[in-house]
Amino acid sequence: MSLSPSLAALQRAIEGHARAYGLDFFPVVFEVLDYRKLNQVAAYGGFPTRYPHWRFGMDFEQLQKGYTFGLQRIYEMVINNDPCYAYLLECNADVDQKVVMAHVYAHCDFFKNNVWFSKTNRKMMDEMANHATRVRRYMDRYGVDKIENFIDTCLSLENLIDPHSLFIVRERPKAEKEESPRTARRLKSKEYMQDYINPPDVLALEEKRILEESERRKSFPAEPTRDVLKFLVEYSPLENWQRDILSIIREEAYYFAPQAQSKIMNEGWATYWHSKIMTERCLTDAEVVDYADHHSGTVATHAGRLNPYKLGVELFRDIEERWDKGRFGKEFDECEDLHERTRWDKKLGQGREKIFEVRRFCNDVTFIDNYLTEEFCRRNKMFVYEFNSKTGLYQISSRSFREIKLKLLFQLTNRGLPFIEVADGNYRNKGELLLRHRYEGVPLRMDYARDTLRNVQRVWQRPVNLSTLVDEKPRLISYTGETFEEADLHEPAA
Amino acid sequence: MILRIEQDHHRFKQIIRGKIKQDLRKYISRGELIGRRGKDLISIPLPQISIPHFVHGSRQAGGVGQGDGDVGTVLGAAEPEEGNGQAGDAPGQHILEVEVTLDELAEMLGEELELPRIEPKGKKNIVTERSRYIGIAPTGPESLRHFRRTYKEMLKRSLASGTYRRALPGPFIIREDKRYRSWRTTVLPETTAAILYMMDVSGSMGEEQKEIVRIESFWIDTWLRHHYKGLEIRYIIHDAEAREVDQETFYHTRESGGTVISSAYRLALDITRTDYPTQEWNVYCFHFSDGDNWSQGDTQECVRLLREDLLARINLFCYGQVESPYGTGQFLLDLKEAFPDEDTVALSKIESKESIHQSIQEFLGRGR
């Protein structure tokens, strides 16, 4: 449904304000939907069309119930696309629509300018529709159950990607030179000089090196890769339709990855700007109370839960203040007079510029790593909580800055997921797959790991192995396609 | 309007049904379903179906939060949502509450326990017709002509063929334009059924035994309700004497005293005689007891009552002997001996909650 004239006027006004503040965005198309359609779009991850799959139905049911019972309500949804599509809920009051619009323009600015989004497909709307068509066609040809089962299998592996890989341009493998000599090169010499010109021990060493080299070249993949999905797409013995579906899942996973990598920043940035635009430009007197009510709902914190909107917006404001007042750099860091620190103001006025820079280059990990300060933690009453196995309760375990930061970074690194990489595609020289879990102190959830391994096997079709640590001991978990086996791992696998 | 997501939603529901069916035996042996039933809906808690991923074990993980409190302050026993900035879009271990109608539940029960459909007796030939308007058809009696739809058709046709004129005399309705309300008639055989539940409430029937009876009768109700339009349920309790009670009392009374089963059968006979004439009613009798009858003489009396009178009046007589802490009685064996292969008598021994589904099979597996 196109916008009513009054909403269109609001959009023009807010777009003007956003531009005046220096936000830079794709054109934004707003659509007004009733709650059922909005829930549909939300269940589809923001898109009007996705391939058929029951999990969208499950999400839909939950949203629908949440709405019916008045538990939750989606206020804003926006997708990273050019043009950017955003949705408004039909029954929202005008003040809400304003907030949403302002929020959306900031999101869109973030999508367009943040470097982590630079590799995403900006025509994803069309791409998703194409994916849907392809999957539907396969369903017509091979049957719904078969396709659906395979999608289930693929979805189980969808997080095995490497979002950083998009930014690394590896040297293209040079055209393989002619098979290099298998034996050590001998220098030409007279027969009697042989032992001196080509000493046997050196030759032996050289020979060994060559052997190792060729051994290494044989290892496959040459280097462990974290883009497990790509490896599977390229090397699994799949039917064409299976390969296509797997690459669809992979492509969509890469599309969504930056959003998971920058949730705190993205929401913080949008919240920062909606509050700026609303409070400085847009609010009428009559709307102030409603606005304050909804805004405080957005940034409310509950004990034991981190609100990305809250953390993000506070951190952006903190950065702005610090760069406005010059509270950074060696001189400030070394100042130990608390009194002086709190009054520190160099009147630099670089805050605005700085936050635009931050929104360009950071993701959540670098955002927290670079800009979370001890003072900020204290002011925002942050803490670390842990599970106490004796009482079965979660308890606050520390308020130390170091631990808070460590914990946060740990949770944000690799989107909070374990590092899993393909270590060997020809394990035991039997075409088995070896995945390695890079252990970082937290064990895998084993029941899930087994089920996932089963799905890996379904794609790889030869036995698959996972090396990880169980109870602090290295273990190798294998699935042959019929049975699970578990063994101690003495030497590092592969 | 039908949304595209409906298809996925439907698919999801199918999967859920499958899950429920898979676990149906588990649900049967647990009483909790009965507590959560609404009018004709029943909600079943299911763990959310999740797609497995390689993830960290969550319990050890903990997280970062914001708020007041000292080190050691308890935040709560429930899993707080992971504080990794994904709050809101990553559902945790939610329990899914699925709603199923009792009819669907009965359907599943039937499929899972392979129960045959019931062949109702009685007014087989008496049927009632119910008609409902369900749509629009191009033919029909003039009295049912749908004016607006007809007019629309006419406009469509005249616009398409270019004969439309604004000025009167306006466009004319021709035969092809006419639309009529259409209806469908469904034929329902009028079958009515009554269930008589009888239970021994003598001292030896404890809470656990009653729970078993409660659960089993819930499933029996569900199944029979699925087959009959009107279902009447009557409750009789007995120790040395029988009396008719309401449902509440039936499940909660506990009395002491001896057990004279024939008293209950006599009362059942009275009720069927006065209220449920054989020609019109399908009557089902279910009797639960621990089988410790007062005397062998009374057992003889029971057999006589059944054989001579009661069995001729009812579709099915079921006796379920519930194991009690005092052991099981003789009554089941006596009945078995008296009715070795009677079609209308179903006997079952219910040792524990786990054998409820088996007993349901034994009772209802005859399709009567």
Among the residues of the stretch A:399-415, are any assigned to a strand (DSSP E or B) and small (Gly, Ala, Ser)? no
Within the bounds of the stretch B:245-254, is there any residue that is among the charged types (D, E, K, R), outside any helix (DSSP H, G or I) and within 24 Å of B:LEU316 (Cα to Cα)? yes
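Return yes or no: is B:GLU342 among the acidic types (Asp, Glu), in a helix (DSSP H, G or I) and surrounded by fewer than 16 Cβ atoms within 10 Å (Cβ to Cβ)?
Considered against the rule, which asks whether it is among the acidic types (Asp, Glu), in a helix (DSSP H, G or I) and surrounded by fewer than 16 Cβ atoms within 10 Å (Cβ to Cβ), B:GLU342 comes out as no.
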Among (1) more than 14 Å from chain B (Cβ to nearest Cβ); (2) under 30 Å from B:ILE49 (Cβ atoms), there is one condition A:GLN62 misses while meeting the rest; what is its number? (1)
Could you list all residues from the stretch B:37-57 that are more than 14 Å from every other protein chain (Cβ to nearest Cβ), out of contact with any helix residue (DSSP H, G or I) (no Cβ under 7 Å at 6 or more places or on another chain) and either at pLDDT 75 or above or loosely packed, with under 13 Cβ neighbours inside 10 Å (or both)? B:GLY38, B:LYS39
Taking B:ILE314 as the residue in question, decide whether it is closer than 17 Å to B:MET199 by Cα and of a type in the set (A, V, I, L, M). no
Subset of the stretch A:277-293 that is surrounded by fewer than 20 Cβ atoms within 10 Å (Cβ to Cβ) and within 26 Å of A:PHE376 (Cβ to Cβ) - its residue that is farthest from the other protein chains (Cβ to nearest Cβ): A:GLU280
For B:ARG266, only one of the following conditions fails: (1) under 26 Å from B:GLN361 (Cα atoms); (2) touching a helix residue (DSSP H, G or I) at 6+ places or on another chain (Cβ under 8 Å); (3) not aromatic (Phe, Trp, Tyr). What is its number? (1)
Has the stretch A:377-390 got any residue that is assigned to a helix (DSSP H, G or I), within 10 Å of chain B (Cβ to nearest Cβ), farther than 30 Å from A:TYR479 by Cα and modelled with pLDDT of 85 or more? yes
Quick one: which residue in A:GLU178, A:GLU212, A:GLU191 is modelled with pLDDT of 80 or more and of a type outside the set (S, T, N, Q)? A:GLU191
When you go through (1) of a type in the set (A, V, I, L, M); (2) surrounded by fewer than 20 Cβ atoms within 10 Å (Cβ to Cβ); (3) within 14 Å of chain B (Cβ to nearest Cβ); (4) not in a loop (DSSP other than H, G, I, E, B) one by one for A:ALA300, which number turns out not to apply? (4)
Across (1) modelled with pLDDT of 60 or more; (2) more than 25 Å from the chain's Cα centre (by Cα), B:LEU109 clears everything bar (2)
Given (1) closer than 30 Å to A:HIS107 by Cβ; (2) touching a residue at least 12 places away in the same chain (Cβ under 8 Å), A:ASP244 misses just (1)
Qualifying positions in the stretch A:400-443 - at positive phi and surrounded by 16 or more Cβ atoms within 10 Å (Cβ to Cβ): A:ASN414, A:ARG415, A:GLY416
From the option list A:ARG317, A:ARG327, A:ARG341, A:ARG305, single residue qualifying as touching a residue at least 40 places away in the same chain (Cβ under 8 Å) and either buried (at least 20 other Cβ atoms within 10 Å of the Cβ) or of a type outside the set (Phe, Trp, Tyr) (or both) is A:ARG317
Any residue in the stretch A:355-375 that is surrounded by fewer than 18 Cβ atoms within 10 Å (Cβ to Cβ), within 12 Å of chain B (Cβ to nearest Cβ) and of a type in the set (S, T, N, Q)? no
Could you give every pair whose Cβ atoms fall below 6 Å, whose first residue belongs to the stretch A:257-273 and is within 9 Å of chain B (Cβ to nearest Cβ), and whose second residue is among the hydroxyl-bearing types (Ser, Thr, Tyr) and buried (at least 24 other Cβ atoms within 10 Å of the Cβ), counting only separations of at least 6 or pairs across chains? A:GLU267/A:TYR309
Quick check: anything in the stretch A:284-296 assigned to a loop (DSSP other than H, G, I, E, B) and closer than 30 Å to A:LEU393 by Cα? no
Which condition from (1) closer than 24 Å to B:THR272 by Cα; (2) free of Cβ contacts under 8 Å to residues at least 40 places away in the same chain is the one that B:ARG225 breaks? (2)
Report yes if A:THR279 is without any contact (Cβ under 8 Å) to a residue 24 or more places away in the chain, outside any loop (DSSP other than H, G, I, E, B) and farther than 19 Å from A:ALA102 by Cα, otherwise no. no
Matching residues, the stretch A:148-168, being within 12 Å of chain B (Cβ to nearest Cβ) and in a helix (DSSP H, G or I): A:GLU148, A:ASN149, A:ILE151, A:ASP152, A:THR153, A:CYS154, A:LEU155, A:SER156
Does A:GLN64 fit the bill of being in contact (Cβ under 8 Å) with a residue 60 or more places away in the chain and of a type in the set (S, T, N, Q)? no
Looking at this structure, is A:TYR448 free of Cβ contacts under 8 Å to residues at least 12 places away in the same chain and assigned by TED's automatic domain parsing to the domain that holds A:THR468? yes
Okay, strands (runs of 3 or more DSSP E) sitting entirely in the stretch A:449-489 with 2 or more residues that are within 12 Å of chain B (Cβ to nearest Cβ) and of a type in the set (A, V, I, L, M, F, W, C), I get A:464-470
Report yes if B:GLY76 is at pLDDT below 75, surrounded by 19 or more Cβ atoms within 10 Å (Cβ to Cβ) and at the interface with chain A (Cβ under 7 Å from one of its Cβ atoms), otherwise no. no
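The values are calculated or read from the model by the stated rules, or taken from the named source; none is laboratory data. Just so we're clear, the structure is a prediction, and the values are computed from it rather than from any experiment. Methodologically, a virtual Cβ is constructed for each residue, glycine included, from the backbone with ideal geometry; neighbour enumeration extends over all protein chains shown.
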